[in-house]
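Let me begin by presenting the structure, written as structure tokens, before commenting on it.
The values are calculated or read from the model by the stated rules, or taken from the named source; none is laboratory data. Every value quoted in this text rests on a predicted model; they were computed, and no experiment measured them. Here the Cβ positions follow ideal geometry from the backbone for every residue, glycine too, while neighbour counts run over all protein chains shown.
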């Protein structure tokens, strides 16, 4: 009775570990995000297996989790693999892992390829502190709100994005982070047409509009210099007080400063409230 989560190659089969091959050969149940892609991977690796293959993807993860837990409790050895990279990282597996832990089922992880850390290394941006944000929302409003919440993020930020939305994403990022913010686009990593494009958000936006973009994309964006948020908050509060001293009421002062700093009014309001408390 063991649940094994195994990382699979992002594209190049040569990145598969011996442990992954052994786990495929010894598993009794293999929960695969896409059974066809798993069969192709097994063929590329030259491994044979006797395990029962069951589909395990975002659309059926909730229902399948109970089925897999029952198999584990019956003593089966279950291997979970996604199409590429590590299960649970913007891929199925989190709910199953969480519930298996609650049932005291042993968990084994076979490490391996990971798109976020590979893109971070390729980006040339700071690696000492970073945050993985996964996929941004397909909705423009929700995507912009997510990016807005990261306006003063000091850590390097890593995102997944679909090729047909990368231009919209870069446009929103430029609007919120500024055209000179450093970033990198890593496309089709470890595959035949692997490409890494580095530059400012303005340069990357121009790149994305100059050609048809295909393949899996990981985007890395630099954080702001340490202390920028505190400095900006102090500047905002001082400007609000200047307008108030000139006779403007607080509501109008906050709206004016928000426009001046190109920030949502709620951000300026929060800074004023925090300053009043301190």
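With within 22 Å of the chain's Cα centre (by Cα) and farther than 28 Å from residue 16 by Cα as the only criterion, which of 214, 204 stands out? Just a single option satisfies the conditions, and that option is 204. Note on the stretch 83-98: among residues that are in contact with a helix residue (DSSP H, G or I) (Cβ under 8 Å, 6 or more places away or on another chain) and not in a loop (DSSP other than H, G, I, E, B), the one that is nearest to residue 113 (Cα to Cα) is 85. Look through the stretch 102-157, keep the residues that are without any contact (Cβ under 8 Å) to a residue 60 or more places away in the chain, part of a loop (DSSP other than H, G, I, E, B) and outside the structural domain of residue 171 (by TED's automatic domain parsing), and return whichever of them is surrounded by the most Cβ atoms within 10 Å (Cβ to Cβ). This residue is 103.
Of the residues screened, residue 38 is one that is touching a residue at least 24 places away in the same chain (Cβ under 8 Å) and within 25 Å of residue 135 (Cα to Cα).
Counted as qualifying within the stretch 174-278 are the helices (runs of 4 or more DSSP H) with 3 or more residues that are at pLDDT 90 or above and surrounded by 15 or more Cβ atoms within 10 Å (Cβ to Cβ), namely 201-208, 228-245, 250-261.
In the stretch 89-109, is there at least one residue being closer than 20 Å to residue 22 by Cβ, modelled with pLDDT of 95 or more and out of contact with any strand residue (DSSP E or B) (no Cβ under 8 Å at 6 or more places or on another chain)? Lay out the reasoning, then the answer.
Of the stretch 89-109, the ones closer than 20 Å to residue 22 by Cβ are 93, 106-109.
Among the residues that remain, those that are also modelled with pLDDT of 95 or more are: 93, 106-109.
When the remaining residues are screened for being out of contact with any strand residue (DSSP E or B) (no Cβ under 8 Å at 6 or more places or on another chain), the result is none.
No, the stretch 89-109 contains no residue that is closer than 20 Å to residue 22 by Cβ, modelled with pLDDT of 95 or more and out of contact with any strand residue (DSSP E or B) (no Cβ under 8 Å at 6 or more places or on another chain).
Mind checking which residues of the stretch 158-173 are assigned to a strand (DSSP E or B) and over 21 Å from residue 227 (Cα atoms)? It would help to see each step written out before you state the result.
Here is the first cut: in the stretch 158-173, the ones assigned to a strand (DSSP E or B) are 158-161.
159, 160, 161, listed by residue number.
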